[in-house]
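The values are calculated or read from the model by the stated rules, or taken from the named source; none is laboratory data. Just so we're clear, the structure is a prediction, and the values are computed from it rather than from any experiment. We place every Cβ from the backbone using ideal geometry, glycine too, and count neighbours over all the protein chains shown.
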Ligand SMILES: [Cu+2]
């Protein structure tokens, strides 16, 4: 992908101004020298017909045309430079035309003394920024405490990190490599160590890194730490499922597990997920939990054997559960659950 980076834009602007400045300078100095030579003092007094006499207004010569021409040329050059530069700066603000869905976006949060990176796909890292080469990276920078400034000198990136404010910018790292992000606003005793590693990977390797981060392993055990191998179903649902275009709910049956464990790498959106483990043969109590899926995650859930009475008298099932947990009075959730259970049956 050919992307004109901000660095390219500013280099272009610099080169155009340098070139035009040099050209104008050469013309002005050459013309001055030419006139200085042409009208040099020859030591003789010429008869100058144009010389006005006292009390007579000088009549116009060709000077007016020359003046008009030089003003006109200057105006054309200056106005077109202003328009062109303004257009280039708009491009710097708006970024390249690329498919917004493909763009890499992340929020960067400064804190005393370090940086958190929140990727659009739910990955979170601390002091470790991993990005693909040759792709526009959009960052939104803010702070959780005091004023910082996020900057990567090598890549010519800088953005304010201020609590309650978001500073947007974008950049392109053209080559794979290692860089350092630093804080550029004196923020306290740890300021000079407020560094983050910036790793620029070839795009394919970056994809691999993302897949690696979004790998979830779920293991089910009983109370004796023995693997539970069948009689259950595990459902995952992103807590903000409504906010995504695709449906982020997943269900895994026991036969997809291997010895009570499953490694899931099909989920491409990290973040908080609700986990529901339901017993298909009522051997275990259902488990409702949540996981924070922001990097490689390995979770083990313990299934508790359900009470023997449940099989005999289902009406009492929910009542028994709440009694066991001793949360009757504190939690309205539990009461609602037990009410619902009663009504259903
Ligand atoms: Cu600082």
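Points to keep in mind about this one:
- Count of the stretch 147-176 residues, restricted to those that are buried (at least 17 other Cβ atoms within 10 Å of the Cβ), within 16 Å of the ligand (Cβ to nearest atom) and either at positive phi or in a loop (DSSP other than H, G, I, E, B) (or both), is 1.
- Residue among 130, 180 that is over 14 Å from residue 113 (Cα atoms), modelled with pLDDT of 95 or more and within 14 Å of the ligand (Cβ to nearest atom): 180
- When the test is whether a residue is in contact (Cβ under 8 Å) with a residue 24 or more places away in the chain, in a loop (DSSP other than H, G, I, E, B) and in contact with a strand residue (DSSP E or B) (Cβ under 8 Å, 6 or more places away or on another chain), residue 109 does not pass it.
- Residue within the stretch 264-273 that is at pLDDT 90 or above, farther than 13 Å from residue 121 by Cα and in a loop (DSSP other than H, G, I, E, B) present: no
- Out of 112, 133, sole residue that is touching a helix residue (DSSP H, G or I) at 6+ places or on another chain (Cβ under 9 Å), surrounded by 11 or more Cβ atoms within 10 Å (Cβ to Cβ), outside the structural domain of residue 7 (by TED's automatic domain parsing) and over 27 Å from residue 9 (Cα atoms): 112
- Filtered by the rule that a residue be free of Cβ contacts under 8 Å to residues at least 40 places away in the same chain and in contact with a helix residue (DSSP H, G or I) (Cβ under 9 Å, 6 or more places away or on another chain), the stretch 245-260 gives 247, 248, 249.
- All positions within the stretch 185-202 that are surrounded by 13 or more Cβ atoms within 10 Å (Cβ to Cβ) and either more than 8 Å from the ligand (Cβ to nearest atom) or not assigned by TED's automatic domain parsing to the domain that holds residue 121 (or both): 195, 196, 197, 198, 199, 200, 201, 202
- Single match in 93, 101 (criterion: surrounded by fewer than 16 Cβ atoms within 10 Å (Cβ to Cβ), closer than 30 Å to residue 23 by Cβ and at pLDDT below 90): 93
- Condition met for residue 231 (at positive phi, touching a strand residue (DSSP E or B) at 6+ places or on another chain (Cβ under 7 Å) and away from the ligand (no atom under 16 Å from the Cβ)): yes
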